Amino acid sequence: MSLTIRSLESVGEYALLMNRVFSVPDRMRVFLKEFSKEVYKLGVNSIWIVSIISFFIGAVTVMQISLSIDSPLLPRFTVGFVSREIILLEFSSTIMCLILAGKVGSNIASEIGSMRITEQIDALEIMGVNSANYLIFPKITAFVVFMPVLVIFSMFVGLMGGYIICLVLGTPSVDTYIYGIQAFFRALFVWNSIAKSMIFGFIIASVSAFYGYNAKGGALEVGQASTNSVVTNSILILAANLLFTQTTMG
Amino acid sequence: MIEVKNLIKEFEGRIVLNNINAEFEKGKVNMIIGKSGSGKTVLLKCLIGLVQPTSGDILYEKESIIGMKASEMNRLRRDMGMLFQGSALFDSKTVLENVMFPLDMFSRMSRRERRKRAEFCLERVNLAEAHNLYPSEISGGMMKRVAIARAIALNPKYLFCDEPNSGLDPKTSQLIDELIADITAEYGMTTIVISHDMNSVINIGDNIIFLNEGIKEWVGGRDEVMYTTNDKLNDFVFASDLFKKIKEADDAITMRESAKA
């Protein structure tokens, strides 16, 4: 079967799955319980990796820009200004989501994939439970809702990384850096980043769930589903980023 | 009662079930036996609506499930309990939560009543002490018993068991068999068990259907299965040395008695 037909088939299967996912939960009480579990598992448990990566990338960004911009024609606060624009516009949303596609995406795909191969999803279906809605809906909603928290956290910690490096190296000075990160600030960029990350969050949770839900065979296939979900998520996030940026800022 | 009429199932042109007609009676343990690849699991999946047959009909209390709306099928499924080969317990839930799950989803009971019902079901399968353990912390036999407790939590009319004894030692297998037979009689359920364990068949099989290469080859009770003249069934039953020796000893006794007479 050609790749195009296979891809079209996958898009169709994904649409059908999403149609089953987005329906009213059988029991709202059960949904809310699962939703809060997923917020903790997918969102709160990702804070540490977001913090570590954001801190170091923020610090290195400031260091690199500081070393690159040594023209007397450019004011030193440019370092803070450019770092802020990078962190706000691309790093905390797009790059962070690419990282989360690995952590959260593989987690979702392997969890649902394991449930598929051990007949747990069949057990749900036999009970008359809409398994797609029960398993996937809480994951998508929890991750999308928690995404702004992760993005804002990443922005703050990234800028803090830059601040610490200025404090340690002294170039640019802390005051210049703080002036730079406040200069020509546009709140729209923050909103833009949050909106973008929520779209990416939806892609990560839904695409990973799709791969896990359709896993067949054994442990090897679950691993494969997990890998495929990370690859597909990464490509879709990059394409969606391009499209979103062109649409909103182009 | 569940009836199967002229059921045919094909996968990519290959006939897996060929014109199956069967009746599964209420309050009895109905067993489907046969070699691996004979179509037992496909038949079970057709019965529970996970696989659509190519043609034919399946009737639950005279009501066809072929072409049934998804919402109606879901309602019917609340009357079904299923025991999977690998138990299919939810890894992330404790034993008690597993048994409470169908009650959480579909009953109108209060949390206290749901808990009480789940505890009753666990006591029924002699697992009152395992409430707070996770599936990974209990043995295969205990997992099967939890799965039975979960299957009966909503008082189902139909119980389906897919090779309930696979991977269990003979003693635990017997325990699970007895539990299935007792529960079937107690709740008056229509129970369908897929198995290729002849001990189970002899112990609890009220009605037995033997499938061979997708064809219903033989129907009968547990008293007849050892004395059939059907060659294919004999091949299946006496593939085990133990059963072969039992049969030889039985034949020898019969011959001696007839000689004496």
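None of the figures in this text is laboratory data; all of them are computed from the coordinates on show. From a predicted model like this one, the values you see are computed outputs, not experimental measurements. No Cβ is skipped: glycine too gets one built from the backbone with ideal geometry, and neighbour counts run over all protein chains shown.
GNM remark for chain B: springs join alpha carbons under 10 Å apart, and the peak mean-square fluctuation among B:ILE246, B:ILE202, B:ILE33 falls on B:ILE246. Helix B:95-106 and the longest principal axis of the C-alpha atoms of chain B enclose an angle of approximately 80°. With unit charges on the beta carbons (Lys and Arg positive, Asp and Glu negative) and the dipole taken about the Cα centre of chain B, which residue among B:TRP218, B:SER240, B:ILE58 sits farthest to the positive side? Result: B:ILE58. Using a cutoff of 8 angstrom between alpha carbon atoms and counting only pairs six or more residues apart, the relative contact order for region B:33-137 works out to 21 percent. Dipole of region B:90-155 computed with +1 at Lys/Arg Cβ and -1 at Asp/Glu Cβ about the Cα centre; of B:GLY141, B:MET100, B:HIS131, farthest Cα towards the positive end is B:MET100.
FRET efficiency for B:ASP182 and A:GLU9, Cβ-Cβ distance as r, R0 = 51 Å, nearest 0.05? Write out the running numbers ahead of the final one.
Values: r = 48 Å, r/R0 = 0.94.
Taking R0 as 51 Å, the efficiency between B:ASP182 and A:GLU9 is 0.60.
Over region B:90-155, what is the relative contact order in percent, taking alpha-carbon pairs closer than 8 angstrom and at least six residues apart?
49
If you run the Gaussian network model on chain B, springs between alpha carbon atoms under 10 Å, then out of B:GLU12, B:GLU72, B:GLU217 the most flexible one is B:GLU12. Separation of region B:185-261 from region A:187-250 is 56 Å, based on Cα centroids.
Of all DSSP bridge pairs formed entirely within the protein assembly as shown, close to 50 percent run antiparallel.
What shape does region A:1-51 take by its C-alpha gyration tensor, where a ≥ b ≥ c are the square roots of the eigenvalues and a/c under 1.5 counts as rounded, a/b above b/c as prolate, and the rest as oblate? It comes out oblate by the Cα gyration axes.
Around the Cα centre of region B:90-155, unit charges on the Cβ atoms of Lys, Arg, Asp and Glu (plus for the first two, minus for the last two) sum to a dipole of about 320 debye. In this simple spin-label approximation, A:ARG186 and B:GLU72 carry label points 7 Å from Cα along the Cα→Cβ vector, and these lie 5.9 nm apart. Comparing mean-square fluctuations of B:GLU97, B:GLU61, B:GLU213 from a GNM of chain B with C-alpha springs under 10 Å, the top value falls on B:GLU61. Relative contact order for chain B: 26 percent, from Cα pairs under 8 Å spaced at least 6 residues apart, divided by residue count. How would chain B be classified by its alpha-carbon gyration tensor: rounded, prolate or oblate, with rounded meaning a/c under 1.5 and the a/b versus b/c comparison settling the rest? Oblate is the answer for chain B, as a/c is 1.5 or above yet b/c matches or exceeds a/b.
Helix B:170-187: angle to the longest alpha-carbon principal axis of chain B, degrees 0 to 90, nearest 10? In chain B, helix B:170-187 runs at an angle near 70 degrees to the longest axis.
Nearest 500 deg cm²/dmol is fine: what mean residue ellipticity at 222 nm does the protein assembly as shown get from its DSSP H runs of n ≥ 4 alone, each adding -39,500 (n - 2.57), divided by its residue count?
Mean residue ellipticity, 222 nm, calculated: -19000 deg cm²/dmol.
In straight-distance terms, cross-link reach from B:LYS247 covers every one of the lysines whose alpha-carbon lies under 23 Å from its own, apart from those fewer than eight places away in the same chain; here that gives B:LYS35, B:LYS171, B:LYS232, B:LYS260. Within a straight-line Cα-Cα reach of under 19 Å, A:LYS41 can be paired with the following lysines, leaving aside sequence neighbours fewer than 8 residues apart in one chain: A:LYS33, A:LYS103, A:LYS139, B:LYS93. Span-like helices, chain A: DSSP H, alpha-carbon axial extent 27 Å or more, mean Kyte-Doolittle -0.5 or greater, which ones? TM-like helix candidates: A:47-68, A:131-169, A:187-213, A:219-249. Only aspartates and glutamates eight or more places from A:LYS37 in sequence, or on another chain, were considered; those with a Cα closer than 20 Å are A:ASP26, A:GLU111, B:ASP91, B:GLU97, B:ASP104. The long axis of helix B:241-260 is offset from the longest Cα principal axis of chain B by roughly 50 degrees.
Magnitude of the charge dipole for the protein assembly as shown, about its Cα centre and with charges confined to Cβ atoms of Lys, Arg (+1) and Asp, Glu (-1), is about 1420 debye.
Please give me the summed charge of the neighbours of B:VAL193: other residues whose Cβ is under 11 Å from its Cβ, Lys and Arg +1, Asp and Glu -1.
The answer is -3.
For region B:189-208, the residues whose amide N sits under 20 Å from a probe point set 7 Å from the Cα of B:ALA249 along the beta carbon direction are B:198-204.
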